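The structure under discussion appears below in the form of structure tokens.
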Amino acid sequence: MYKLLFHLLIFSSVPYLIDADDNSSTVPPTVNQTASTQNSEATGSTTVSPTVNCTTVPTTPGKWYASSQVLYLNKLVAGSKKVMSDIEPGSQLYLASNDDIENLRNISISSGTVNITLDELYDLDSNGKPKNFTITDTLTIFVQDANLNMTNLTGVYYITTKEQAQDPTFHVYVIKTKHNITSSDDSNGTFIILNTQLINFHKEDSDAPQKNSFVSGIVQPETSVLWFHWGLPSATNGGEANRFFANPVKLGTESRFFTHIEPLQVPLDYWHFRSFGKFDLTIENRYQRSQVYTTTGIDTTGIVINNGKYFEHNVKFLNMSIKSRTSGAVISTFPSSKDFINFTFSDNFGASNSASFNNESKETHSILSTTIQATKLTISSTSYTPGKFYCQYYGYSGDLLPTTQGTTVKTTQGSTTVVADKSTVSTTPGSTVTTVTTTTSATTTIGTTTAGGSGQFSIFVWFLVFSLFSVQE
């Protein structure tokens, strides 16, 4: 009887012993989070970012205006005057500069009977707001020192329209140090952001910008809207055409709101954002190394922007391998050559999905979406100067995946869709398509280790067998 029991137990334990010795059977690590903090140290259950119906949120936050303008100090000519007679009386001029104050004293501006030098606009006022100069007539800018080296100047001056100057919901910020921007009501707002030269320029990253907005601590209720845009607001500019970040983010026919947003780096000389509803955020004159970045939340969104020299960037995602996953990117590219700019999502098991763009792609905007368990987004190019691009990436978890502990399952890792708006894109160099759908399969071994439940059962069975034999003897 005991011999029969012995053979039966050996036979029943073989599959568990084989799985326990198979290195591919280890469970990928998982990260837990709470809905409130959603960071790498949180524990508890996951709350998926809510889907927001497009009709429940405003589609046009902020306002559209007649065009304002930004001009560069280094474009002025030493010893000469620049006369601008096409500016509306009532417009305002702002200076965004970290240049040497003595150089700014050599540049004067005048309109009507008022004449000042630019150093008088250099500092912020007691409320942290930039000083401005009101234009009442023709504007004249005069570089008094004929020997002044203009090429070393980094600042810009910004001229509003009369409508903007009189609008209480229109705001201008010159980013010199750290600035908190908030809205406590449900009104629209338009915010001009003028960057200045970085106070502490970082040379660690070979593609680090000279100007950068570091945007962090974004807090907004689900009823509010934030849109970030490159360039300046105008009567024809302010929708999706020049938008590089949105929350909620529009994904096809639905919008998804993210309660967790990564710190955003905007390496542009100037940009603007529009808002509807309450929000709170901080913008700093600061750059953080970003060629390899790990997200701080599981359900999260962030950006990668290139405005000059570029080297490969990798965004590593926190993930929950036991749940379904959707990752993607809203992409705007302006390639400068035939060299491709590649956006690739990949998982830990060899599956990847990507889209590539060059100057033959005629690209404006695309959405790359994938349901593989993406753990990394890689943005690369064979050129160090591939052109400008703006990428808002995102990732969120869904339902628990169906699994059977102690078995090896072959799962379809998901589908990837590239949707191009008025463009052609390429998923492999040399091919161009308008819409691409691919499915990648991968083999994943789930849940068998020597310390797992089945392994413990086998150890218990062997212990019982030897105990029985000891009693028999």
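The values are calculated or read from the model by the stated rules, or taken from the named source; none is laboratory data. Just so we're clear, the structure is a prediction, and the values are computed from it rather than from any experiment. When we count neighbours, we look across all protein chains shown, and the Cβ atoms used for this are built from the backbone with ideal geometry, even at glycine.
Per-structure values
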read-out: Residue that is farthest from Phe245 (Cα to Cα), among those in region 372-383 that are touching a Ser or Thr at 6+ places or on another chain (Cβ under 9 Å) and surrounded by fewer than 21 Cβ atoms within 10 Å (Cβ to Cβ); value: Ser383
read-out: Filter result (assigned to a loop (DSSP other than H, G, I, E, B) and touching a strand residue (DSSP E or B) at 6+ places or on another chain (Cβ under 6 Å)) within region 129-138; value: Ile135, Thr136, Asp137
read-out: So Phe214, is it buried (at least 20 other Cβ atoms within 10 Å of the Cβ) and outside the structural domain of Ser366 (by TED's automatic domain parsing); value: no
read-out: Any hit, region 161-179, residues being assigned to a strand (DSSP E or B), at pLDDT 90 or above and within 19 Å of the chain's Cα centre (by Cα); value: no
read-out: Out of Phe273, Phe191, Phe258, sole residue that is modelled with pLDDT of 95 or more, farther than 30 Å from Asp123 by Cα and surrounded by 16 or more Cβ atoms within 10 Å (Cβ to Cβ); value: Phe258
read-out: Selected residue (only one of Ser45, Ser49 is polar (S, T, N, Q), surrounded by 12 or more Cβ atoms within 10 Å (Cβ to Cβ) and modelled with pLDDT under 95); value: Ser49
